[in-house]
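The values are calculated or read from the model by the stated rules, or taken from the named source; none is laboratory data. For clarity, every value in this text was computed on a predicted model and none was experimentally measured. Cβ: placed from backbone, ideal geometry, glycine included. Neighbour counts: every protein chain shown.
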Amino acid sequence: MQIVSFMNMKGGVAKTTLAVNIAYALGFEHHKKVLLVDGDPQFNATTYLLEDKVYLAHLNDPKKGTLRDIFIPKKPGPINTVVGTAKPINKSKMPLHDCTLKIFDRGTGRGKLDLLPSTLALVELEHSSRQTENKLKAYLHEKAKGYDYVIIDCPPTISFFTQAAILASDKYIVPIRPDPLSVIGLPLLERYISEFTDDAGMKIEQVGLVFTMVRNPAPRAMKELMDDLRRNRKGAVFADWLSLSTDVAESVTAHSPAFLFRKTPQKIKLQMVGIAQEFLNRTGG
């Protein structure tokens, strides 16, 4: 099992789009068993894959959990009813399948994708006690052993959830929009990860950088920036990039991965598939 976080300190770089589509492609195209963890309180990856009614039904089911319950298990007292006393539910003992939703399962050896959803209530954990951030690592290493890949979609900030994802991960990947502000933030992110992992006594490997939201045709300044980053980061930048397109946003509304969405231009479908293939190659999958 490999645990890979998708990270960027800057929002609006198509990080969630990339995480969802790579996770989906690993299962659908490459027959891997994949768990996608929505680590963002804004729950964008959850919204991408689930219809509202399915998500709400999961949230309203007392026997089901979300990412929040991994960090702060609910331990309610006994509940009196007209027919007796109900047993309390300790969600820290919940099996993973009670906290996840099946996106697809194509059968043995043909790939699957499950989602561990997030919730806005996750923001309550931002000021949790120390060591709480280690709970995601402990939970995944105990309960997610049957997966080939665990993909974590992180929030676009350095926060409690980012720290939890770093601690849980073997590797990380950086979706980056080729504009000056995004590129300036890259060394800050890398330095933070290096210092944080050093303090934690662990190592985490960078899978690479993926250009996203590239305009077509790309302006001269954008091309020059991309070329400079390729020169300065030899081997770090993925060969394929993700073009800017409103059709990708429509795939979110349709709860469909962009590379399978009927309105997505063929060029972007091929880009998504190419990025997923290179991700697989770079992670030795």
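Scanning region 215-250 for residues that are among the charged types (D, E, K, R), part of a helix (DSSP H, G or I) and in contact with a helix residue (DSSP H, G or I) (Cβ under 9 Å, 6 or more places away or on another chain) yields Asp228, Asp247. Screening Ala168 against (1) under 25 Å from Phe28 (Cα atoms); (2) more than 15 Å from the chain's Cα centre (by Cα); (3) not basic (Lys, Arg) leaves a single unmet condition, (2). Each residue in region 160-182 was checked for being in a helix (DSSP H, G or I) and touching a strand residue (DSSP E or B) at 6+ places or on another chain (Cβ under 7 Å), and 4 of them qualify. Within region 251-285, the set of residues being in a helix (DSSP H, G or I) and either among the aromatic types (Phe, Trp, Tyr) or in contact with a strand residue (DSSP E or B) (Cβ under 7 Å, 6 or more places away or on another chain) (or both) comprises Lys267, Ile268, Gln271, Ile275, Phe279, Arg282.
Every residue in region 171-189 that is surrounded by fewer than 19 Cβ atoms within 10 Å (Cβ to Cβ) and more than 18 Å from the chain's Cα centre (by Cα), please. Across region 171-189, the qualifying residues are Asp179, Pro180, Leu181, Val183, Ile184, Gly185, Leu186, Pro187, Leu188. If you take the residues of region 78-111 that are within 28 Å of Pro156 (Cβ to Cβ) and modelled with pLDDT of 70 or more, which of them is surrounded by the fewest Cβ atoms within 10 Å (Cβ to Cβ)? The extreme case among them is Lys102.
Per-residue answers, yes or no, for (1) buried (at least 21 other Cβ atoms within 10 Å of the Cβ); (2) at pLDDT below 95; (3) among the aromatic types (Phe, Trp, Tyr):
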residue	(1), (2), (3)
Leu35	yes, no, no
Asp40	yes, yes, no
Leu67	yes, yes, no
Lys75	no, yes, no
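Contact map, region 227-255: first residue closer than 19 Å to Val207 by Cα, second residue among the polar types (S, T, N, Q), Cβ cut-off under 8 Å, separation 6 or more or different chains; pairs are Ala236/Gln206; Asp240/Gln271; Trp241/Thr212; Trp241/Gln271; Leu242/Thr17; Leu242/Thr212; Leu242/Gln271.
State whether the residues of region 232-241 include one that is among the polar types (S, T, N, Q), surrounded by 13 or more Cβ atoms within 10 Å (Cβ to Cβ) and at pLDDT below 95. Scanning region 232-241, I find no residue that is among the polar types (S, T, N, Q), surrounded by 13 or more Cβ atoms within 10 Å (Cβ to Cβ) and at pLDDT below 95, so the answer is no. Of the residues making up region 112-132, those that are farther than 16 Å from Gly65 by Cα and modelled with pLDDT of 95 or more are Lys112, Leu113. Pairing each residue of region 259-285 that is touching a residue at least 12 places away in the same chain (Cβ under 8 Å) with any residue that is assigned to a helix (DSSP H, G or I) and of a type in the set (Lys, Arg), provided the two are 6+ apart or on different chains, yields C-beta distances under 6 Å for Phe259/Lys269.
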